[in-house]
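Down below is the structure, laid out as structure tokens.
The values are calculated or read from the model by the stated rules, or taken from the named source; none is laboratory data. Small disclaimer: the values here were computed from a predicted structure and weren't measured. Positions of Cβ are generated from backbone atoms using ideal geometry, with glycine treated the same way; all protein chains shown enter the neighbour counts. For accessibility, only protein heavy atoms count, side chains too; no ligands or nucleic acids. Shrake-Rupley method; radii C 1.70, N 1.55, O 1.52, S 1.80 Å.
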Amino acid sequence: MTTTAVSAPLVELTDVSKYYGNIRALEGVSLAVDAGQITCVLGDNGAGKSTLIKIIAGLHQHDAGAFRIEGEDTRLANPREALDRGIATVYQDLAVVPLMPVWRNFFLGSEPTKGAGPFKRLDVATMRETTRAELLRMGIDLRDVDQPIGTLSGGERQCVAIARAVYFGAKVLVLDEPTAALGVKQSGVVLKYVAAARDAGLGVVLITHNPHHAYLVGDRFVLLKRGAMTASHTKDSVSLDELTRQMAGGSELDDLRHELER
Amino acid sequence: MSATAPPAATPQKTEDERLLHTSPLRRLLGRPELGSVVGAVAVFIFFSVVADSFLQTSSFSTVLYAASTLGIMAVPVALLMIGGEFDLSAGVLVTTSALVSSMVSYQLTANVWVGVTVSLLATLAVGVFNGVLLTRTKLPSFIITLGTFLMLTGLNLGFTKLISGTVSTKSIADMDGFESAKALFASQLTIGDVSLKVTILWWFALVALATWILLRTRFGNWIFAVGGNAPAARAVGVPVVRTKIGLYMGVGFCAWVSGQHLLFSFDVVQSGEGVGNELTYIIAAVIGGCLITGGYGSAIGSAVGAFIFGMTSKGIVYAEWNPDWFKFFLGAMLLLATLLNAWVRKRAEATK
Ligand SMILES: Nc1ncnc2c1ncn2[C@@H]1O[C@H](COP(=O)(O)OP(=O)(O)O)[C@@H](O)[C@H]1O
Ligand SMILES: [Mg+2]
């Protein structure tokens, strides 16, 4: 990997490992995210992608290697700390509370209040308006911000989570397979917002097992396989075909082709 | 994303119109307590017809009193259930509260307010104990509070026998501060020709406070979130542990109020009381629309649940039936209300 930036990357992992008891989920993985760039993490199911981002998000701690935020060695105790350091994560399982209204979900954990002392209360009007406005900016025209978020479509929920992360002024946006459960059109919409977040100056970590999606927006690509890093590319050092081939297992794919050929 | 949006050129306009059309009905159907309100009206009409004296104002204040003593505890139990947890120790904790207050005052021959204060600290401590144990061990609250329930039951009986030699406490009616404490916890107010117990005021105040907390504070938002999806709540920075401990302390506080009412209205406390009441509180909360799996419900619902309970228990007396039938009614009510709530919620979601 070539680091041309003068300042330290927003987030940098060096030789990070993570074990769940005796399960080796990650071994010696390195990655860097700069402001205004998208770093893609590619890998099959079980490759350790979610584990990797859970370390960045403060849900788990790494067992070996170094994790730096803006050059400073870090070990995050919990997700709150990650949020306070400017890292917002959109989880694969979406991290929303299905029965709660959209506007309550949007502000969950960072609710604005007004008034003082015993009269300190949620600023409901602002919460409602902001939610509506922020979602509208993303092109989601909600009938009613009061509807339970569980009744939104998968793509809409994903966009709410992204809008939320951007609104709260994150410096780093981490997305775990945001397009995995979506149709072609909805995936396009989500990728557009990912690109919009990048253009707004955020550093983005995009996790996916779709090399086509990754190549559309990514600046760097990290390939994971069974917990280990098998390759790391910048966009100008790899073609989509090569990325797809490596992602699909490279020589294994050639073997498979031979086996299937008649 | 725009699958639900109209293709109109003026989306803002059409959207507002659509909102006006569907919203009021759906809002109403979407309220958690709707099912219980329908149930309450049905029960009210039923007993108005079968029991002649049910509609007298004196009967009404009796019903309200019965509802309030249960309702005071149903409020924190409902909040706890919205937060996704149970408290099986809530019933005996009320007795513990009364016993601690009475025995501390009697043994120290102090002003009864000393006992009242110590009692508050004790009930809050039990709440903290439940909450900390739950969040540390991550065991189901059902098991943890079943343990506290049994321990408190034993402590109530054991300590009372040890200290006063019988199963009940000694009278503290002649001690300093008794009258003022009685005024706060067990007085009777007369408005016009109706006399109302002060517990009714406590009950209304607690329901109002809990509703405010649930709907208008950050803590309320967190209660819904930890009950609806605790891992998600943690991931976005909600202090899940603090929220749950706070909810158990709420149960402790209300058990204190309820226990002081027992003590100052009857003067002596039976140490074996309270067993079984924890289920009644849960029933009131569930009838009031709280989802047993957490994340959904209201404080007002718990009040309506308690009111149904009060009307049924007293209505059967006014109808001059054998009170043995009460449990049957309560069970039927619970099933009907739960079914109605489930149906209403499905309808509300289908309209979306
Ligand atoms: N909490 C856990 N405890 C034990 N093993 C886990 C845990 N989470 C993930 N794993 C294992 O670690 C490996 C990587 O999982 P994950 O990071 O979720 O993969 P991915 O997101 O790339 O599909 C898998 O083999 C998975 O079974
Ligand atoms: Mg995953």
Would you mind classifying the range B:31-350 by shape? Square roots of the alpha carbon gyration tensor eigenvalues, ordered a ≥ b ≥ c; an a/c under 1.5 is rounded, otherwise it is prolate if a/b is larger than b/c and oblate if not.
oblate
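Can you pull the mean other chain C-beta count within 10 Å for peptide B:211-223? Walk me through the numbers before you get to the answer.
Values: counts 0, 3, 1, 0, 4, 8, 5, 10, 2, 4, 10, 3, 0.
Mean partner shielding for this stretch: 4.
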Of all accessible surface on the range B:31-350 at a 1.4 Å probe, what whole percent is carbon and sulfur?
71 percent
Would you mind telling me the antiparallel percentage of the DSSP bridges in the protein assembly as shown, rounded to 5?
60 percent
What value, in deg cm²/dmol to 500, does the helix sum -39500 (n - 2.57) over DSSP H runs of n ≥ 4 give at 222 nm once divided by the residues of chain B?
-25500 deg cm²/dmol
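Hey, what's chain B come to in accessible area per residue, 1.4 Å probe, Å²? Working shown, then result.
Details: 15760 Å² over 352 residues.
With all protein chains present, chain B gives 45 Å² per residue.
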Counting only protein chains, not ligands or nucleic acids, how are A:His60, A:His258, A:His209, B:His261 ordered by accessible area (probe 1.4 Å), most first?
A:His258, A:His209, A:His60, B:His261
Reduction of at least 40 Å² in accessible surface, 1.4 Å probe, comparing all protein chains with the chain by itself, residues of the range A:134-169:
A:Asp141, A:Arg143, A:Asp144, A:Glu156
Interface A:B - total buried accessible surface [probe 1.4 Å, Å², rounded to 100]:
3300 Å²
Using the Kyte-Doolittle scale, which helices in chain B average at least -0.5 and also have C-alpha atoms spread 18 Å or more along the helix axis, with helices defined as whole DSSP H runs?
B:34-50, B:57-82, B:90-108, B:112-137, B:141-164, B:198-216, B:240-266, B:299-318, B:325-350
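At a Förster radius of 56 Å, what calculated FRET efficiency corresponds to the Cβ-Cβ distance of B:Asn322 and A:Arg143, to the nearest 0.05? Don't jump to the answer; show the numbers that get you there.
Working: r = 53 Å, r/R0 = 0.95.
Calculated value: 0.60.
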Once Lys and Arg get +1 and Asp and Glu get -1 on their Cβ, which of B:Gly147, A:Val172, B:Leu184 lies farthest toward the positive end of the dipole of the protein assembly as shown?
B:Leu184
Farthest toward positive dipole pole in the protein assembly as shown [+1 Lys/Arg, -1 Asp/Glu at C-beta], among A:Phe67, B:Ala319, B:Thr69:
B:Ala319
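Taking the solvent-accessible surface of protein heavy atoms with a 1.4 Å probe, what is the per residue accessible area of chain A in Å²? Could the numbers behind the result be given before it?
On the way: 11500 Å² over 262 residues.
Accessible surface, normalised per residue, equals 44 Å².
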Do any residues of the range A:100-124 lose at least 30 Å² of accessible area when the full set of protein chains is present rather than just their chain alone, and if so which, with a 1.4 Å probe?
A:Met100, A:Arg104, A:Leu108, A:Gly109, A:Glu111, A:Arg121, A:Leu122, A:Val124
Please give every one of the aspartates and glutamates within straight-line cross-link reach of B:Lys346, meaning a C-alpha to C-alpha distance under 16 Å, and leave out same-chain neighbours fewer than 8 residues apart.
B:Glu33
Put +1 on the Cβ of each Lys and Arg and -1 on the Cβ of each Asp and Glu in the protein assembly as shown; which of A:Gln158, A:Thr39, B:Gly158 then has its Cα farthest toward the positive end of the dipole?
A:Gln158
For the range A:180-188, just list the computed ³J(HN,Hα) in residue order, Karplus coefficients 6.51, -1.76 and 1.60, θ = phi - 60°, integers in Hz, with x standing in for Gly and Pro.
4, 9, 10, x, 4, 5, 5, 4, x
If you take each beta carbon of peptide A:68-79 and count the beta carbons of other chains within 10 angstrom, what is the mean?
1
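About its Cα centre, what dipole magnitude does the range B:92-213 give when the only charges are +1 on Lys and Arg Cβ and -1 on Asp and Glu Cβ, stated in debye to the nearest 20?
That gives a dipole near 460 debye.
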With a 1.4 Å probe on protein heavy atoms only, tell me which residues of the range B:234-270 lose at least 40 Å² of accessible surface in the complex relative to the chain by itself.
B:Arg234, B:Ala235, B:Val236, B:Gly237
